[in-house]
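Structure first, commentary second.
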Amino acid sequence: KGVIIASYVPPFLGIKANQIEDWASDNIGSRIRLPVFIRTLIHSSGNGLIKVDIPGNDDAERKEWDGYVESSEATSWIPIGKSGWEFGTSTDISAKAENDFTPRTVAIEKAERIKTTFVFVTPRRWKGKAKWVASARAKKQWKDVRAYDADNLEQWLEQSIVGQAWFAHETASPASGVRSLDKCWKDWANVAAPPLSASLFDPAISSAKKTLLNHLTKSPDGLLIIAADSVEEALAFLSQALGERGGEELLSFRDRVLVIDQEGVLPKLTIGGSQTFIPVASTRSVESEMAPIVKTMHCISVYPGNAAGINPHIVLQPVGYEVFEKALKEMGNDRDATNRLAEESGRSLTVLRRRLAQTPAIQRPEWTVKQDVAASLLPIMFAGA
C-alpha cells in the first residue's frame, strides 16, 4: 500500500520547463486548457485510478475543486487515495495558491480533509514553492499538501508519451509523426467555417459504443478496425466516440490514445516492455508494426471504406437526413443550403467536409488533380466498381 509505481517511458519529444512556462505566459487560453493538460497526464500515467473529475475548456471554471482524483495506487505525481486539485496560471503564484488553499480548508470538514491530499498546480516556475508547501503542511489541515510547477510538469511529461504529444500540438511544436485525438478533431472539423458539428457522429457513436467498450475493457486480443469514407473521418469519429458524446466509460480512455502517422515511431515508443497508451494506426505501414503488440496493447487501425480485403469491426455509414439537417442547422445553414449539401454529398461526412472546406486542396480529392489517374478511374466509376 502506498508503493510508488512508475513505468519506463522511452525518450520522445523532450519538452522542457521553459516551453511549459512560455505556453502559460503567451497563451491566454492556457487557463482553460491547463485542466485538460493535467487530466491527460493523470489518465496516461496513472495506476489504479478510481475516479478522475477534471473538467476543462468551457467547464474549467466552477465553484468545486478544479480537479478531484481517487486512486488505489500511488505514482510519483498522483497521491494514493483522495486528492483535490487546484490550478492557477497567474503570475502571483503564492497568492493564487493561498487563495485556493484557505477557502478549501474552511469549506471542507476536517474529517474529509485528513483523508484528502491538497494539490496546487501552476505551469510557471515557482521559486517559493518549497516554502509555501512547508508552511501549508505545518498547519496539519490536510492528509498532505503538494505543489507542482513547470519544472515538475517537465518531469511528469517524461512519464507520458500521450501528454507529450498533446502538449506539442497545443503549442504547434514538432510532434514526430504522432497526434492526439484533440489534434485529429481539429484537423477534420476546422477546415470549415464554422467548424463541422460533432453531432454528425452521434448515430455512429451510438451504434459502435458496445464494440469499442468490448475492445478497450477486455484483455488485449488483436486489432480493432474502423472503416469510414476516409481515414480522417474515422479519426474524427474516434475523437468524438472517446469524448463526452461517448459517455463516461469511453471518455476514460481518451487521454491514453496516441494516433501514429509515420512508420518507425511505434517501435521506438514500445521499447522497454508494456506501455499504458492506446496506439491508433493511420497507415498500413504503421499497422504492420503493431503485429508484436496486439496481444499486449489495445491496438486500433483506421481504414478508408473502399479498402479491399478487410473485415472492419466498425463501419461508418452516411448519416440520416434528420441528423444531417440538425447538424447543418447548428452550423448556420438554412433549409435550402442543407438540401443542396445533402444532395451533393449523399450525406457522406467526408464529401460534406470537402464541400464546406475553405481550401482547394481539401475541396478536391487528390486523384482529381492527376489527369492520368483521373482518366483511368472514370471508366471504372461508370462501370460501378
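The values are calculated or read from the model by the stated rules, or taken from the named source; none is laboratory data. Please read these numbers as outputs of a predicted model, since none were measured by experiment. Virtual Cβ from ideal backbone geometry, glycine too; neighbours counted across all protein chains shown. We work out accessible area using only protein heavy atoms, side chains counted, and drop any ligands, DNA or RNA first. Shrake-Rupley method; radii C 1.70, N 1.55, O 1.52, S 1.80 Å.
Among the residues of the range 237-257, are any modelled with pLDDT of 95 or more, crowded, with 17+ Cβ neighbours inside 10 Å and touching a Pro at 6+ places or on another chain (Cβ under 6 Å)?
Looking for residues that are modelled with pLDDT of 95 or more, crowded, with 17+ Cβ neighbours inside 10 Å and touching a Pro at 6+ places or on another chain (Cβ under 6 Å), one finds none in the range 237-257, hence no.
What about T350, is it without any contact (Cβ under 8 Å) to a residue 24 or more places away in the chain and either open to solvent by less than 50 Å² (accessible area, probe 1.4 Å) or within 27 Å of A208 (Cβ to Cβ) (or both)?
Working: without any contact (Cβ under 8 Å) to a residue 24 or more places away in the chain: no; either open to solvent by less than 50 Å² (accessible area, probe 1.4 Å) or within 27 Å of A208 (Cβ to Cβ) (or both): yes.
It is false that T350 is without any contact (Cβ under 8 Å) to a residue 24 or more places away in the chain and either open to solvent by less than 50 Å² (accessible area, probe 1.4 Å) or within 27 Å of A208 (Cβ to Cβ) (or both).
Identify the residue in the range 272-283 that is modelled with pLDDT under 95 and open to solvent by 30 Å² or more (accessible area, probe 1.4 Å) and, among all such residues, is nearest to D255 (Cα to Cα).
Only one residue fits best here, namely T276.
Tell me, yes or no, whether the range 321-337 has at least one residue that is within 29 Å of S288 (Cα to Cα) and surrounded by fewer than 14 Cβ atoms within 10 Å (Cβ to Cβ).
no
Matching residues to (1) open to solvent by 70 Å² or more (accessible area, probe 1.4 Å); (2) at pLDDT below 95; (3) in a helix (DSSP H, G or I):
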site	(1), (2), (3)
W188	no, no, yes
A193	yes, yes, no
L212	no, no, yes
I226	no, no, no
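When you scan the range 85-166 for helices (runs of 4 or more DSSP H) that lie fully inside it, which ones turn up with 1 or more residues that are aliphatic (A, V, I, L, M) and open to solvent by 40 Å² or more (accessible area, probe 1.4 Å)?
93-107, 110-113, 129-138
Does the range 296-310 contain any residue that is surrounded by 12 or more Cβ atoms within 10 Å (Cβ to Cβ), more than 18 Å from A175 (Cβ to Cβ), modelled with pLDDT of 95 or more and among the polar types (S, T, N, Q)?
Yes - at least one qualifying residue is present in the range 296-310.
If P203 satisfies every condition in (1) outside any strand (DSSP E or B); (2) buried (at least 20 other Cβ atoms within 10 Å of the Cβ) but one, which is the exception?
So the condition that P203 fails would be (2).
Within the range 283-293, identify whether any single residue is farther than 30 Å from S44 by Cα and touching a residue at least 24 places away in the same chain (Cβ under 8 Å), and answer yes or no.
So far as the range 283-293 goes, no, none of its residues is farther than 30 Å from S44 by Cα and touching a residue at least 24 places away in the same chain (Cβ under 8 Å).
Looking at the range 56-84, which of the residues that are modelled with pLDDT under 90 and under 19 Å from the mean Cα position of the chain (by Cα) is most open to solvent (accessible area, probe 1.4 Å)?
Going through the range 56-84, the residues modelled with pLDDT under 90 turn out to be 56-64.
Those still in the list that are under 19 Å from the mean Cα position of the chain (by Cα) too: 56-60.
Values: G56: 10, N57: 63, D58: 144, D59: 86, A60: 12 Å².
Per the criteria, the residue is D58.
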